[in-house]
Amino acid sequence: MTEPRSKPFLRPGKILLLLMLGLLVYGVVLVFWVPAGWVWFQASRYLQLPPQVEVRQVSGRLWDGAAGVVVAGFPARVDWQLGWPSVTGWQLPIGFSLASSQSRVEGAVSIGWPGNLDISARGQVAVAEFEDLIRQSGGAMIEGLVSIDRLHLVWDDNRLQQAEGIGRWDGGLVTWPMGNQTGQAEFPPMQANLDTTDGGVALTVAEQGANGPAADASILWNGMMEMRVYKRMVDLAQQPWPDTASPGDVVFRVRQPILPGGF
């Protein structure tokens, strides 16, 4: 009677399985504990950020960290937390918050393969923080906070594919340049809607609860921008205008390129 052969404990298949398990555990531990500052130091050698963006004081871990950033002269703090990746969908979820001295926006980013982004966010923006930039561009200045109730952006195939959002302002004093003087008026609560059109992205500004826009702007995929101001905006600004014009008439229109090559 022959005795059964004893099989070795470490067979090639089991060795390969143990190696794969060890690499998986090592990768998870690395993501959880590797310092975010070290990762940024290594990655910054190969990344070229726009000249308006500067990254400072990266802290925490790759899984859960923070960084100080300066965007066009405005300092802010970014916090992030990685979620568990979806193997079936090839997606990595990331929760984030972006906060300055008076403003805060938070949301989630889903990074998919081979390079698409899905961003959802909400928050509040203090317009006073950007007063110098608004004044330099000749824009109108509003007081108080702008609430971003919803913002959804989808980037895929190297272009912005979808943009949706709603923003609200509770109203108040608005000032704008008028030659060597400054015009001003008390505005009612306003609302801004962001949407995707066939040719690009459209932003519509209107009085809350009113029919019809006060102004709208379209940014086309070919890099052109078109902005229209309606008689409703003139009435809200309490400025004189011929009575023959109706609230829905366009009183100002401009169309010009803003990007050399489009999105």
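When residue 224 is tested against the conditions (1) closer than 22 Å to residue 126 by Cβ; (2) surrounded by 15 or more Cβ atoms within 10 Å (Cβ to Cβ), the lone failure is (1). For the subset of the range 65-110 comprising residues that are assigned to a strand (DSSP E or B), at pLDDT below 90 and in contact with a strand residue (DSSP E or B) (Cβ under 8 Å, 6 or more places away or on another chain), which member is farthest from residue 37 (Cα to Cα)? Filtering the range 65-110 for residues that are assigned to a strand (DSSP E or B), at pLDDT below 90 and in contact with a strand residue (DSSP E or B) (Cβ under 8 Å, 6 or more places away or on another chain), the one farthest from residue 37 (Cα to Cα) comes out as 86. For the range 188-204, the criterion of being open to solvent by 50 Å² or more (accessible area, probe 1.4 Å), at pLDDT 95 or above and more than 24 Å from residue 161 (Cα to Cα) is met by at least one residue.
For the range 168-176, the criterion of being of a type outside the set (Ser, Thr, Tyr), part of a strand (DSSP E or B), within 30 Å of residue 92 (Cα to Cα) and under 19 Å from the mean Cα position of the chain (by Cα) is met by none of the residues. Working only within the range 184-213, note down all residues that are touching a residue at least 24 places away in the same chain (Cβ under 8 Å) and of a type in the set (S, T, N, Q). Correct list: 191, 193, 196, 208. Residue count for the range 140-160 under the criterion of being surrounded by fewer than 13 Cβ atoms within 10 Å (Cβ to Cβ) and part of a loop (DSSP other than H, G, I, E, B): the result is 2. Apart from one condition, residue 61 fits all of (1) more than 14 Å from the chain's Cα centre (by Cα); (2) surrounded by 13 or more Cβ atoms within 10 Å (Cβ to Cβ); (3) touching a residue at least 12 places away in the same chain (Cβ under 8 Å); (4) closer than 27 Å to residue 167 by Cβ; the exception is (4).
Can you find a residue that is farther than 23 Å from residue 184 by Cβ, touching a residue at least 60 places away in the same chain (Cβ under 8 Å) and within 28 Å of the chain's Cα centre (by Cα) anywhere in the range 218-229? Checked the range 218-229: at least one residue is farther than 23 Å from residue 184 by Cβ, touching a residue at least 60 places away in the same chain (Cβ under 8 Å) and within 28 Å of the chain's Cα centre (by Cα). Test residue 117 against the stated conditions and say whether it is within 16 Å of the chain's Cα centre (by Cα) and in a strand (DSSP E or B). When the stated conditions are applied, residue 117 passes them.
The values are calculated or read from the model by the stated rules, or taken from the named source; none is laboratory data. No experiment lies behind these values; they were computed from the predicted model shown. Quick reminder, even Gly has a Cβ in these numbers, built from the backbone with ideal geometry, and neighbours come from all protein chains shown. Just the protein is used for accessible areas: all its heavy atoms, side chains included, with ligands, DNA and RNA removed. Shrake-Rupley method; radii C 1.70, N 1.55, O 1.52, S 1.80 Å.
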